[in-house]
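Asker: I am attaching a structure below and will ask some questions about it afterwards.
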Amino acid sequence: MMVFVAFGLSFSSCKINLQAKKISKVLSTDYCVQDYEEGPPVSYQNPDSFLLISKAMQKKLNVDELQLANSIGILRQIKARGELNVGGSDKSLAKVRELDLDIENRISFASNIVNSIAAEIHCESERTGRIANYLDELGKKRVNKFTIGAIFAGAVTGVAPLIIKEQSPQNAVVIVGSALSAGLGIAALTNNRKKVQFTYSRNLLADIWYLPNSSKVYPPFLWLMIKQTKDGSFDKETSVANGLKRRWFNLEFNQDLDKHLEDLLFGNGGIYKEDELNTRQILLNQLETEIELLNVKLLTLSRKLKTY
């Protein structure tokens, strides 16, 4: 009877392992990855040129708005628009409408790309959550099986003296049953070593952590938005990227990130445990929120320019 219990549990374990291999193959496919256009070119690449132009325009737009306009390539158009006399000739009015249309189209173009990247990040978060939930359910099923097996083994051990009268067989059943019950109980308590192979060819978290000068993941205009400091500050810590990195290091990693987890989260993936998957999902959710806020800034700028 004890052999039957052990065999049943062993068979279930093998079946679960096969399911884990199957889902890891399915989810290792980068179905979230999208192709993006580079987006609009920056208006002024040279910082000195940008500072010179922005100083003349700060009466109507603040520094953040000017940086944003420069990033998505509409600062020249805004400047030209402000220099035209709206109440002037038909030619001037036509030029104003032309500039307004160009500005709006560029903002919409940039906004669509930002939305697409936010959607990819959301997809990666959902993908990560699916695997974490799978491992969680896997653990619960295994705990239930171990618990039932331990209860059954304990029950058999308890009634063995009533059924088996001979001392030697009775002792053997009690010893084996006790050992099996204890082993299954320990297995249930230590069932937290579930792992799965999870890889990705493009990691949207990596550039935020390593902060390269140019990004291979984000379009140039968006990477400039992510790395730009607030209010024209020279303190790089005020940028979206640095703010995220600081928050992750202090709150999510408790100021202590080991090399293994760093390579896992900011590299191409590898063997994940459930808690590591949960951490990845948290980082992705925070990144998605920041990207969506950048899009809100684009829409706010668009509304403000309508009254410029």
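The values are calculated or read from the model by the stated rules, or taken from the named source; none is laboratory data. What you see is a predicted model; the values in this text were computed from it and never measured. Backbone-built Cβ (ideal geometry, glycine too); neighbour counts: all protein chains shown.
Asker: Out of Arg303, Arg246, which single residue is within 30 Å of Glu98 (Cα to Cα), free of Cβ contacts under 8 Å to residues at least 60 places away in the same chain and not hydrophobic (A, V, I, L, M, F, W, C)? Please lay out each step first, then the result.
Answerer: Numbers: Arg246 fails: within 30 Å of Glu98 (Cα to Cα).
Step by step, each of Arg303, Arg246 is checked, and only Arg303 is within 30 Å of Glu98 (Cα to Cα), free of Cβ contacts under 8 Å to residues at least 60 places away in the same chain and not hydrophobic (A, V, I, L, M, F, W, C).
Asker: With Lys22, Lys55 as the choices, which residue is of a type outside the set (Ser, Thr, Tyr), more than 19 Å from Gln228 (Cβ to Cβ) and either under 26 Å from the mean Cα position of the chain (by Cα) or at pLDDT 65 or above (or both)?
Answerer: Numbers: Lys55 fails: more than 19 Å from Gln228 (Cβ to Cβ).
Residue meeting the stated conditions: Lys22.
Matching residues to (1) surrounded by 15 or more Cβ atoms within 10 Å (Cβ to Cβ); (2) modelled with pLDDT under 95; (3) part of a loop (DSSP other than H, G, I, E, B); (4) at positive phi:
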{"residue": "Gly88", "(1), (2), (3), (4)": "no, yes, yes, no"}
{"residue": "Arg97", "(1), (2), (3), (4)": "no, yes, no, no"}
{"residue": "Asp100", "(1), (2), (3), (4)": "yes, yes, no, no"}
{"residue": "Ile107", "(1), (2), (3), (4)": "yes, no, no, no"}
{"residue": "His122", "(1), (2), (3), (4)": "yes, no, no, no"}
{"residue": "Leu138", "(1), (2), (3), (4)": "yes, yes, no, no"}
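Asker: If we scan region 29-50, do we find a residue that is among the aromatic types (Phe, Trp, Tyr) and surrounded by fewer than 14 Cβ atoms within 10 Å (Cβ to Cβ)?
Answerer: Checking region 29-50: at least one residue is among the aromatic types (Phe, Trp, Tyr) and surrounded by fewer than 14 Cβ atoms within 10 Å (Cβ to Cβ).
Asker: Taking Ile78 and the conditions (1) crowded, with 19+ Cβ neighbours inside 10 Å; (2) modelled with pLDDT under 85; (3) more than 28 Å from the chain's Cα centre (by Cα), which numbered condition does it fall short on, given that it satisfies the others?
Answerer: Of (1) crowded, with 19+ Cβ neighbours inside 10 Å; (2) modelled with pLDDT under 85; (3) more than 28 Å from the chain's Cα centre (by Cα), only one is false for Ile78: (2).
Asker: What single numbered condition from (1) at pLDDT below 90; (2) within 26 Å of the chain's Cα centre (by Cα); (3) under 23 Å from Leu293 (Cβ atoms) fails to hold for Asp35?
Answerer: (3)
Asker: Same structure again: Would you confirm whether or not region 267-276 contains a residue that is surrounded by 15 or more Cβ atoms within 10 Å (Cβ to Cβ) and either under 30 Å from Leu51 (Cα atoms) or among the aromatic types (Phe, Trp, Tyr) (or both)?
Answerer: Looking for residues that are surrounded by 15 or more Cβ atoms within 10 Å (Cβ to Cβ) and either under 30 Å from Leu51 (Cα atoms) or among the aromatic types (Phe, Trp, Tyr) (or both), one finds at least one in region 267-276, hence yes.
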